[in-house]
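This report refers to the structure that appears directly beneath it.
The values are calculated or read from the model by the stated rules, or taken from the named source; none is laboratory data. From a predicted model like this one, the values you see are computed outputs, not experimental measurements. Reconstructed Cβ throughout: ideal geometry from the backbone, glycine too, with neighbour counts over all protein chains shown.
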Amino acid sequence: MLDPSCGIVYIAIGEKAKQFAERSIEALRRCNDFEVTIFTEKHCDVQDAFQTSKEISRSLKTRLYNLSPYDYTLYVDADTFPDGDVSPGFETLAGGWDMAIIYSSSQGPEMMWHIGKTERELTAELYGFRPLQLQGGVMYFKRNERVENFFTTWHREWLIWKEEDQAALLRALYKSPLKYWMLGRPFNGGAVIRHTFARMDGD
Amino acid sequence: MAVWVQVKSIFYGDEKGKLITYFPGDWVQVSRTKAIYLQNEGIAKIPDNTIYKHLSLKDCGVAMIGPSAESKSVSIYPASLPTRALDIPGIPFPRTILWNPDTPANVTLFMAGLNLLEKWDILAPIKDYELLAQDYVTEDDREWASEMLPDLRLPLFNMDLLFIKKNDVTSHLVTLWNEFVATGHASDISFLCAVYHTRPLLLSLPIIWTDMHA
């Protein structure tokens, strides 16, 4: 691959999320000129009887490997504001890493606070301890077999509870390890990419 | 004999006269009697390492590093591991826990860590959630580190407790790490650069592995 394509993908299900995505892209354009793709309801797999916008959004997110048109993808939640240069994550992928991701601000007792008790406990039990919580709202990934396996597992794990995707992400990482590079909070909730963590469930 | 227990419901402990609140999932070291009491009351649980009985410990060991390093066995119930004192980082066992014993570590988790080396090359705890490499790096190292890494806004690892599976990738990693340090660079940023350029399957651990009150 001489010149990998790099692009940014959003998922916007419902009017509120679309408005957020538009504002996010406006912020992105101030210091980045990467291509952008937005996935909406029309990309939903019709065979899946998903009912809520949240379920559709998580289903699409955990299937992004198959949906993204880019060699190197940056996925950002619609409620983020990429105010800075996002290229260091792409450079990490070019440097040989499969994924670049950021840890959550909720660790320790607050880890996975938004996940149902059973799912949270079974996820920790799988590891034998409370793992480092990663934030799935900003992540860079490339195309290779490890990443494909990871996304396949992530989607399968998410389908078990069909709620938030973070615990499923940790179980996928356990079952299908990949080479991920950890970026700091400026890339998800800081100077490079602000994250408002807005509720966008409603249509 | 003190043992580690994992708290299941909010529990107030005393440490050197200071009241500490432990939340579900936290680890606390108590006497064996108290551990049994807390487990019977449903407040905490004593970890069951027998779930790792499939794990062969004969290729596992602890490499002690740092001023207090010494060769003595480390007990990780239900087994004990051989140790070796090292002057510089190395991987003397096929599955090595590289540990600076001056850094507190929850040995109860060692079995879980060794178990994860079935799938991962290396496990490393995050050093700090707030302060990043750009905050820790010395002025002498800043330019070098900026050339070695795409960005310095990333967390450092705590090298005082690493779980390493010996293979070509990790052997190269440790060689590079030692080379960087030998040329005058700080150990923490050298480790980060060595990881970046060797690309192991690295599982990041929460800082609680080396800071029980995190």
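Which residues, taken from the stretch A:67-92, are within 9 Å of chain B (Cβ to nearest Cβ) and small (Gly, Ala, Ser)? Matches in the stretch A:67-92: A:SER87, A:GLY89. Among helices (runs of 4 or more DSSP H) entirely within the stretch B:100-214, having at least 3 residues that are within 19 Å of the chain's Cα centre (by Cα), away from chain A (no Cβ under 14 Å) and surrounded by fewer than 18 Cβ atoms within 10 Å (Cβ to Cβ) singles out no element at all. A single member of A:LYS142, A:LYS42 is more than 27 Å from B:GLY113 (Cα to Cα), of a type in the set (Lys, Arg) and surrounded by fewer than 20 Cβ atoms within 10 Å (Cβ to Cβ), and it is A:LYS42. Just checking, does the stretch B:70-77 include any residue being among the charged types (D, E, K, R), at pLDDT below 80, more than 23 Å from A:ALA124 (Cα to Cα) and not in a helix (DSSP H, G or I)? So far as the stretch B:70-77 goes, yes, one or more of its residues are among the charged types (D, E, K, R), at pLDDT below 80, more than 23 Å from A:ALA124 (Cα to Cα) and not in a helix (DSSP H, G or I).
Being within 14 Å of chain B (Cβ to nearest Cβ) and modelled with pLDDT of 95 or more is the requirement here; does A:LEU169 meet it? Answer is yes for this residue. A:MET182 passes every criterion in (1) facing chain B (nearest Cβ under 10 Å); (2) under 22 Å from A:GLU91 (Cα atoms); (3) in a helix (DSSP H, G or I) apart from (3).
Take A:GLU148 and tell me if it is assigned to a helix (DSSP H, G or I), within 12 Å of chain B (Cβ to nearest Cβ) and not aromatic (Phe, Trp, Tyr). Taking the combined requirement at face value, the residue does not satisfy it. The residues listed here are A:SER5, A:SER106; of these, the one that is touching a residue at least 24 places away in the same chain (Cβ under 8 Å), surrounded by fewer than 16 Cβ atoms within 10 Å (Cβ to Cβ), of a type in the set (S, T, N, Q) and closer than 30 Å to B:ILE208 by Cβ is A:SER106.
Here the condition is being on the phi > 0 side of the Ramachandran plot, within 13 Å of another protein chain (Cβ to nearest Cβ) and of a type outside the set (S, T, N, Q); of B:GLY25, B:GLY42, it holds for B:GLY25 alone.
Candidates B:TYR12, B:TYR37, B:TYR22: the one that is surrounded by 18 or more Cβ atoms within 10 Å (Cβ to Cβ) and hydroxyl-bearing (Ser, Thr, Tyr) is B:TYR22. Can you tell me which residue in the stretch A:97-142 is farthest from the other protein chains (Cβ to nearest Cβ), limited to those that are in a loop (DSSP other than H, G, I, E, B) and closer than 15 Å to A:SER176 by Cβ? By that ranking, first place goes to A:ASP98.
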